[in-house]
Amino acid sequence: MRAFDALAADYDAHFTHTPLGVHLRQAVHRRLDLCFPPSSHVLELACGTGEDAVHLGRRGVRVLATDASEAMVDRTRAKIAAASLDGTVEARRLALEDLDSLSGPFDGAFSNFGGLNCVADLGGVSRSLADLLKPGAPVLLCVMGPLVPWEWAWFLGQGKPREAVRRLRSGGVDWRGMNIRYPAIGELRHAFAPGFKPLRVSAIGALLPPTYCEPWTERHPRLLAALARWERRLEAVPPLPWLADHYLLELVRR
């Protein structure tokens, strides 16, 4: 996980605290808040710098935040301490492929902003997660999808057709020595079908542009705010979830 170790120090500055990053994360937090009431015990997969775990912890949700990157876990622990949430939120280094080393049961689970795109065996994660959750437990998975018109327009406008269609390549894309895959909504549903029932899917970045368009969004703050409002109104209306930078798939443990 050296790729994510290298990103940890600047991740919040380059994404979390940017205007676009704030809109995207708020959209996910709305759904997390609806699904995880105070006092519930939730497992987070690929927690990054811990922004979501701390958000839930402040609402009284107990969170075990896991990530394969030691540097990301260190950043999460620092945020937990700064927010005085040591008794509510715990950060632990753990790869998604090693979920079977945990003991449950948990009241729910989630993964935000593409952690599952780094996994080769989604079915394996599904089986391990099912063993850790109570029946009826909600699961929210925010995953990068394969069809992104914003991305096509952005890279074609720069004369980079190969970059425009990179998510459509079979077998995934090499990124900093890692293989990143872009499963379609149907593929992710199928991988989790044995243990989970799908309930809802919504767009996280369909009208809003991808994160690498941040310089454009900084020049158009009023347009960005308007796009965010319309995206929240239409987030679950087809075909927006299928055409988003990320989609949020909500499931329940059978």
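Just so you know, all these numbers are worked out from the coordinates, no wet-lab data involved. What you see is a predicted model; the values in this text were computed from it and never measured. Cβ placement follows ideal geometry from the backbone for every residue including glycine, while neighbour counts extend to all protein chains displayed.
Contact order for the range 2-253, expressed relative to its length and based on alpha carbon pairs under 8 Å spaced 6+ residues apart, stands at 20 percent. At an R0 of 35 angstrom, the distance between the Cβ atoms of residue 97 and residue 236 translates into a FRET efficiency of 0.70. The overall shape of the chain, judged from the alpha-carbon gyration tensor, is rounded, with an a/c ratio under 1.5.
Overall, the anisotropy analysis places the range 1-106 in the oblate class: the square-rooted eigenvalues a ≥ b ≥ c of its C-alpha gyration tensor yield a/c not less than 1.5, with a/b not exceeding b/c.
Per-residue Karplus couplings for the range 227-242, computed as 6.51 cos²θ - 1.76 cosθ + 1.60 with θ equal to phi - 60°, are listed in order as 4, 5, 4, 5, 5, 5, 5, 10, 4, 9, 8, x, x, 3, x, 7 Hz, Gly and Pro entered as x.
Extension gain, residue 58 to residue 16, is 13.4 nm, computed as 0.36 nm per intervening residue step minus the present C-alpha separation.
Summarising the strand pairing of the chain, around 50 percent of its internal DSSP beta bridges are antiparallel. The range 189-254 and the range 52-96 have their alpha-carbon centroids 24 Å apart. Between residue 131 and residue 223, the simple label model (points 7 Å from Cα in the Cβ direction) yields a spacing of 5.0 nm. The slack between residue 26 and residue 2, meaning 0.36 nm per residue of separation minus the straight C-alpha distance, is 5.8 nm. Compute the distance in nm between two label points, each set 7 Å from the Cα along the Cα-to-Cβ direction, one at residue 82 and one at residue 214. For residue 82 paired with residue 214, the spin-label model returns 1.6 nm.
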